[in-house]
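Notes for the one structure printed next.
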Amino acid sequence: MLLLVLPAVVFALVTWQVVADGPLLRLDADASRALVHPDRFSQLLSDLGNVQVALPVLAVALGYVAWRGRAAGAGRWWLPPLAAVVLMALVPAVVVPLKEWTARPGTPVVPPGTGYFPSGHTATAAVAYGSATLLLLPWLRSPAARRVLVAGCTALVLGVSYGLVRHGWHWPLDVVASWCLSTVLLAALSLVLSRSTRRSSSGTPSSRSGPSSPTTSSGPAARARSRGWRTSRSSSSSSGSPGSW
């Protein structure tokens, strides 16, 4: 719940500062001047947040998880991939209206214009790579593999964020706002995935215990069968036959 509330509060505060042209924007401009140094490396890093790069990565993860879930006979195997697709579709549905509403100008490096808040590249990278990570984590058995996956996702998102600020494509607060927004979206996806996993596991009989035996039922019919079984066993024992059981 904290991952839903705290980033949402920070996002609201940053957005308020941008709309009201608050004092935080002066610190933002100072940080941008200190960090901006356009070069080829920062451009390559920022390109990792392009839709043409991030979406194919997510598509591969979607296909793999759907294939593994269906092959394993998981209940509602289609729900995690579908939830990730819906979440990815929410990114432009949320970011584009915010860009138009805030109408924030870009840094001195970019051509004159508005619509730079929040950063769409940062949100695309965070949600695409983050969703792929959340989908793949349950299918990795090794804790080391999980740590590597999470570290790789974090490095990609931070790399895109650094590249955008370093090259001057975005103000630092544009990126911070997208971090907050993406954290809320990914936390919601995590809740959906965890509930889906619990429902799937509760609806599947345990491989050790298997389905319940009829003789362990507690209904009236089960008690009648139990009495009949004891009577049959008693009569079988008295006649010396092995009985029907």
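Go through the residues of segment 76-83 one by one and say whether even a single one is on the phi > 0 side of the Ramachandran plot and touching a residue at least 12 places away in the same chain (Cβ under 8 Å).
Checked against the condition, which is being on the phi > 0 side of the Ramachandran plot and touching a residue at least 12 places away in the same chain (Cβ under 8 Å), segment 76-83 yields at least one hit.
Within segment 1-56, which residues are over 13 Å from W171 (Cα atoms), outside any helix (DSSP H, G or I) and of a type in the set (A, V, I, L, M, F, W, C)?
Those that are over 13 Å from W171 (Cα atoms), outside any helix (DSSP H, G or I) and of a type in the set (A, V, I, L, M, F, W, C): M1, L48.
Mind listing whichever residues of segment 17-26 are of a type in the set (A, V, I, L, M) and exposed (fewer than 13 other Cβ atoms within 10 Å of the Cβ)?
Hit for segment 17-26 is A20, nothing else.
Hey, could you check segment 74-96 for residues that are outside any helix (DSSP H, G or I) and open to solvent by less than 60 Å² (accessible area, probe 1.4 Å) and say which is nearest to S196 (Cα to Cα)?
Step by step, filter segment 74-96, then rank; the result is G75.
What pairs can you find where one residue is in segment 134-147 and part of a loop (DSSP other than H, G, I, E, B), the other is not hydrophobic (A, V, I, L, M, F, W, C), and their Cβ atoms are less than 7 Å apart, with a gap of 6+ or different chains?
Pairs that qualify, where the first residue is part of a loop (DSSP other than H, G, I, E, B) and the partner is not hydrophobic (A, V, I, L, M, F, W, C), are L140/R146.
Of the residues that make up segment 165-175, is at least one among the charged types (D, E, K, R) and modelled with pLDDT under 95?
There is no residue in segment 165-175 that is among the charged types (D, E, K, R) and modelled with pLDDT under 95.
Residues are listed down the side, and each one gets a yes or a no for (1) open to solvent by less than 90 Å² (accessible area, probe 1.4 Å); (2) modelled with pLDDT under 50:
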| site | (1), (2) |
| --- | --- |
| S178 | yes, no |
| L185 | yes, no |
| V192 | yes, no |
| R195 | no, no |
| S207 | no, yes |
| T216 | no, yes |
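Could you please let me know if V127 is part of a helix (DSSP H, G or I) and loosely packed, with under 14 Cβ neighbours inside 10 Å?
Against the criterion (part of a helix (DSSP H, G or I) and loosely packed, with under 14 Cβ neighbours inside 10 Å), V127 does not qualify.
Restricting to segment 100-124, give me the number of residues that are open to solvent by less than 10 Å² (accessible area, probe 1.4 Å) and within 29 Å of V85 (Cα to Cα).
Qualifying residue count for the region: 5.
The values are calculated or read from the model by the stated rules, or taken from the named source; none is laboratory data. All figures in this text were calculated on a predicted structure; none of them were measured in a lab. Cβ: placed from backbone, ideal geometry, glycine included. Neighbour counts: every protein chain shown. Accessible surface areas use protein heavy atoms only, side chains included; no ligands, DNA or RNA. Shrake-Rupley method; radii C 1.70, N 1.55, O 1.52, S 1.80 Å.
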